[in-house]
């Protein structure tokens, strides 16, 4: 069994909601991430899926130390990430990098590709001495499948897929151990998505990287992930291996998500049960009591409103947060 490189326990991030012009007072909190726990193993890809607004990107920002946590812990190689300061925090910045969602806004349009990829070397000077930086940047361009001779071009001279490769090269510059991919292919065409996904897989095999891969497209997550965590309204409702989540989902929300995935085979399509959820996603400011999914769940009973289900191993052999979890065999 591989060793855990990142251990997240009961992670919470609440954003205050304030009212007033001069003397603003807090009238509530947006519970973006509300008690998330998982382990990321060395060399593993953990997929995080869920609807827009469920807290996936906020989770990424907190793990990157771009947002302070409200509560909980995160251990990187056994050390508490949220207690790091100074040189220790700077070292953490090298070990954990991020690939952002939109390649059109995540690159500075006034900087050349060489300056964008080489910018981390300005802070971490020991990684690449000044005289060798151009060579390092050219090497990184080649690694991600771009022409090193384009080092002096600007972002607007590249396509969307090429820009995302530039973002990946920038993330690789400091030789990180973990890369958080925050919906890295959602803004790209389907054919380009496959190319970027294949690149990420090759880099993981060659460099021994660990990924937290965030997406709302379940078919994309399945292509790369070893394990998958399903989030709903700030909480992980089910987590398991790729085969467990896609082959035998036990939480009703996971089952509903999978039923919406297109099936290319017309014969199999007719055998797939379509689950249509009713109602809207509740507000993260005032989520439902007990199980947060109960207002849209066809299995909900009185206990669901009174008692929050724990994320524990149930009938399907992997953790699921549902009082009435029932394994469902999914038609491939």
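The values are calculated or read from the model by the stated rules, or taken from the named source; none is laboratory data. Everything quoted here is computed from the prediction, not taken from an experiment. As a convention, Cβ positions derive from the backbone with ideal geometry for all residues, glycine included, and neighbour counts pool all protein chains shown.
Output the number of residues of segment 143-156 satisfying the condition of being surrounded by 12 or more Cβ atoms within 10 Å (Cβ to Cβ) and either part of a helix (DSSP H, G or I) or under 27 Å from the mean Cα position of the chain (by Cα) (or both).
7
Which of the residues that make up segment 64-79 are exposed (fewer than 15 other Cβ atoms within 10 Å of the Cβ) and closer than 20 Å to residue 234 by Cα?
66, 68, 71
Return the pairs, sorted by first residue and then second, in which the second residue is modelled with pLDDT under 90 and in a helix (DSSP H, G or I), the first residue lies in segment 123-141 and is surrounded by 15 or more Cβ atoms within 10 Å (Cβ to Cβ), the beta carbons are less than 7 Å apart, and the residues are 6+ apart or on different chains.
none
All but one of (1) more than 23 Å from the chain's Cα centre (by Cα); (2) part of a helix (DSSP H, G or I); (3) without any contact (Cβ under 8 Å) to a residue 40 or more places away in the chain hold for residue 89, so report the exception by its number.
Failing condition for residue 89: (1).
Which ones in segment 219-232 are farther than 20 Å from residue 178 by Cβ, in contact with a strand residue (DSSP E or B) (Cβ under 8 Å, 6 or more places away or on another chain) and buried (at least 20 other Cβ atoms within 10 Å of the Cβ)?
Passing the criteria: only 230.
Those residues that are at pLDDT 90 or above and either in contact with a strand residue (DSSP E or B) (Cβ under 6 Å, 6 or more places away or on another chain) or not in a loop (DSSP other than H, G, I, E, B) (or both), I need them from segment 313-330; list them, please.
Answer for segment 313-330, where residues must be at pLDDT 90 or above and either in contact with a strand residue (DSSP E or B) (Cβ under 6 Å, 6 or more places away or on another chain) or not in a loop (DSSP other than H, G, I, E, B) (or both): 313, 318, 319, 320, 321.
Can you tell me which residue among 168, 179 is in contact with a strand residue (DSSP E or B) (Cβ under 7 Å, 6 or more places away or on another chain), within 30 Å of residue 239 (Cβ to Cβ), in a strand (DSSP E or B) and touching a residue at least 40 places away in the same chain (Cβ under 8 Å)?
Answer to the selection: 179.
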